[in-house]
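The values are calculated or read from the model by the stated rules, or taken from the named source; none is laboratory data. What you see is a predicted model, and the numbers here were worked out from it, not measured in a lab. Every residue, glycine as well, gets a Cβ built from its backbone with ideal geometry; the counts of neighbours run over all protein chains shown.
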Amino acid sequence: MDENDWALAGGNRGTDRSEGFGERLLGLLLERAHEMPPDLIAPLVADEVVRMGGRDMAILVQDYEQVTLVPLPGRGLATDVPHDVWATHAGEAFLDGTAVEVPQSDGVRIYLPLLAGSDQLGVMALTFDRVDGDDRRLLRRLAGLVADLLVTKNTYSDIFTVARRRTRMTVAAEIQWSLLPPLSMSVPQVEVAGILEPAYDVAGDSFDYALNGDILHIAMIDAMGHGLDAAIMATAAIGAYRHSRRALVRLPEIYAFMDEVIAGQFGPEKFVTAQMLQLDVSTGRLQWVNAGHPSPLLISDGAVVGELPGRTTLPVGFGGREPLVSEHRLRRGDRVLCYTDGLVEEHFRGEEEFGLEQLTGIISEVGGHRRGVRATVRELSHTLKLARGGNTSDDATIFLIEWRGGSPTI
């Protein structure tokens, strides 16, 4: 922003951060960012923060395990250390999706969640001498703009992806992460969130979802085997699921198409367990086809009610008959947890499996906190991993759905 632009945006910096100033500032920032190289986006924002009277700006992005917020490097950005999601002010802002203000001797340190839509990217941190209502409004909007810019620029750059990595990632995991939709989505009627383990070595597990009108489509899969072969099979399964879903066919036909693709491409000895669900977000009517997967768990008031009863058909690729569609009517506030078998089959050599009983106990313990879906999924994954002795010898994936009902408003 040159001196003329800055004058148009409000003139003397120290005197006006009101509504009109903020709108002009964000508009000019957006115009400059359109053709800005990805590596200069964060420094550009840092420059504007200085013009606003702020300092020590840091942009923190979540790592792939979702346990650490990692600072982006760049000119003008504060040299910062990684922040623990569970035990820091930055983590609090990230988990709760709200700004956190921390008084300091030289001003106020502010942590703002970076939300692209409802997808959590990380946190923007900066310091002001003092803040008022105009400042808070402008900073919330600035954080939203920064999140959108990061998502846009990430589509043709590796800078932000590399910054999120805390260790080496396998090729199979690289493939799986490239397949995933945003890890979370929240709209007034429904919220979902998922997580993969082990984040840097996952191979055959994946999930997908899409909200089309009043219907939320969900799939969770677990491809046979490990490593690159499993990742390739999972890619084909998710591709077949998306293709058939977008053809607007029924759940049994989605199953049949996925089955045909896996059998035709990988032969009769390969298979994928899968679960395909459809939730009418206006009524709470949940339908699903279970192809060799663990049954979904129904959670009400933070406690596990039990497994959702339903018929199971053969895994995808084995040529099963047309499956029966199971159905359940959710109550407002009900949650449904889908998971892969690696979550309960983990065990130490010579000892019993972790098991469904331990899983349900921990879900009830974590669910009793009644945190949001995104925070619950992260806490549940972290707690389960510790309870299994930190072991993730097989892929272990969870996907949580909360139905709220009602009608969307414009």
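For first residues located in segment 11-35 and at pLDDT below 80 and outside any helix (DSSP H, G or I), partners that are surrounded by 13 or more Cβ atoms within 10 Å (Cβ to Cβ) and charged (D, E, K, R) and lie 6+ apart or on another chain with Cβ distances below 6 Å form the pairs 17/134; 17/135; 18/134. Within segment 100-114, does at least one residue satisfy the condition of being under 16 Å from the mean Cα position of the chain (by Cα) and in a strand (DSSP E or B)? Yes: one or more hits.
Restricting attention to segment 70-86, the residues that are under 16 Å from residue 160 (Cβ atoms) and of a type in the set (A, V, I, L, M, F, W, C) add up to 3.
Residue pairs whose Cβ atoms lie under 8 Å apart, sitting 6 or more positions apart in sequence or on different chains, and linking a residue in segment 80-99 that is of a type in the set (D, E, K, R) to a partner that is surrounded by 18 or more Cβ atoms within 10 Å (Cβ to Cβ) and part of a helix (DSSP H, G or I), are 84/91; 96/375.
Residues that are at pLDDT 80 or above, assigned to a helix (DSSP H, G or I) and hydrophobic (A, V, I, L, M, F, W, C): does segment 62-82 have at least one? Within segment 62-82, none of the residues are at pLDDT 80 or above, assigned to a helix (DSSP H, G or I) and hydrophobic (A, V, I, L, M, F, W, C). Across segment 355-387, the qualifying residues are those that are at pLDDT 70 or above and part of a loop (DSSP other than H, G, I, E, B), and the one among them that is nearest to residue 222 (Cα to Cα) is 372. Here segment 193-222 is the region considered, the condition is being part of a loop (DSSP other than H, G, I, E, B) and touching a residue at least 12 places away in the same chain (Cβ under 8 Å), and the residue that is surrounded by the fewest Cβ atoms within 10 Å (Cβ to Cβ) is 214. Considering every residue within segment 162-172, establish whether at least one is farther than 17 Å from residue 201 by Cβ and assigned to a helix (DSSP H, G or I). Among the residues of segment 162-172, at least one is farther than 17 Å from residue 201 by Cβ and assigned to a helix (DSSP H, G or I), which makes the answer yes.
Only residues in segment 120-149 that are buried (at least 17 other Cβ atoms within 10 Å of the Cβ) count as the first member; pair them with residues that are among the acidic types (Asp, Glu) and not in a strand (DSSP E or B), Cβ under 8 angstrom, at least 6 apart or cross-chain, and list the lot. Note: pairs meeting the criteria are 125/80; 127/106; 128/135; 142/48.
The condition (being surrounded by 14 or more Cβ atoms within 10 Å (Cβ to Cβ) and in contact with a strand residue (DSSP E or B) (Cβ under 8 Å, 6 or more places away or on another chain)) is satisfied by just one residue among 329, 311, 335: 335. For segment 340-350, the criterion of being at pLDDT 85 or above and either assigned by TED's automatic domain parsing to the domain that holds residue 222 or out of contact with any Phe, Trp or Tyr (no Cβ under 6 Å at 6 or more places or on another chain) (or both) is met by at least one residue. Residues considered: 91, 97. Of these, the only one that is under 25 Å from the mean Cα position of the chain (by Cα), on the phi > 0 side of the Ramachandran plot and not aromatic (Phe, Trp, Tyr) is 97.
Annotation note: Cβ proximity below 9 Å between a residue of segment 284-299 that is within 15 Å of residue 190 (Cα to Cα) and a residue that is basic (Lys, Arg) and surrounded by fewer than 20 Cβ atoms within 10 Å (Cβ to Cβ) (sequence gap 6+ or interchain) occurs for 284/329; 284/331; 284/332; 285/329; 286/329.
Which of the following residues is among the polar types (S, T, N, Q), more than 23 Å from residue 94 (Cβ to Cβ) and not in a strand (DSSP E or B): 244, 157?
244
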